[in-house]
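Right, one structure below, let's go through it.
The values are calculated or read from the model by the stated rules, or taken from the named source; none is laboratory data. This is a predicted model, so every value here is computed, not measured. Virtual Cβ from ideal backbone geometry, glycine too; neighbours counted across all protein chains shown. Only protein heavy atoms, including side chains, enter the accessible area calculation; ligands, DNA and RNA are left aside. Shrake-Rupley method; radii C 1.70, N 1.55, O 1.52, S 1.80 Å.
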Amino acid sequence: MSAYKVVEIIGSSPESWEAATKNAILEAAKSIRHLRVAEVNRFDVNLSDDGQVLEYRARLKVSLKHETE
C-alpha cells in the first residue's frame, strides 16, 4: 500500500513553456526523491515594458511517494 504527497512547483525558461516544465521537473528532482507524476496546472509569461516575452512559466503539481520516518 502506498501514499503520495502532492507539491506545487514553478519552472521558468526564456525559450518555451515546454522548457519551463522540463526545468521545473529537473530542479525538483535534485532535492525531492520518488517523483511520480507531474500535472501542469497553469501557464503564464513575464513581459517587458514594451510587451515582449521575457520568460515562460509553468506551474505544476508533482506527486511523490510518501515515506514514513
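Calculated [222 nm] ellipticity per residue, helices only, for the chain: -7000 deg cm²/dmol; basis is -39500 (n - 2.57) per DSSP H run with n ≥ 4, divided by all residues, nearest 500. Ranked by the mean number of other Cβ atoms within 10 Å of their residues, highest first, the peptides 35-43, 51-59, 21-29 fall in the order 21-29, 51-59, 35-43. In the full protein context, the chain carries 76 Å² of accessible surface per residue, based on a 1.4 Å probe and ignoring ligands, DNA and RNA.
Normalising by residue count, the chain has a Cα convex hull of 80 Å³ per residue.
Against the longest alpha carbon principal axis of the chain, how many degrees, from 0 to 90 and to the nearest 10, is the axis of helix 17-31 turned? That helix lies at roughly 40 degrees to the long axis.
Computed over protein heavy atoms with a 1.4 Å probe, the carbon and sulfur contribution to the accessible area of the chain reaches 49%.
For the chain, the relative contact order works out to 45 percent when only alpha carbon pairs closer than 8 Å and six or more residues apart are counted. You can think of it this way: the chain between Arg42 and Leu54 has 2.6 nm of extra reach, that is 0.36 nm per residue less the Cα-Cα gap.
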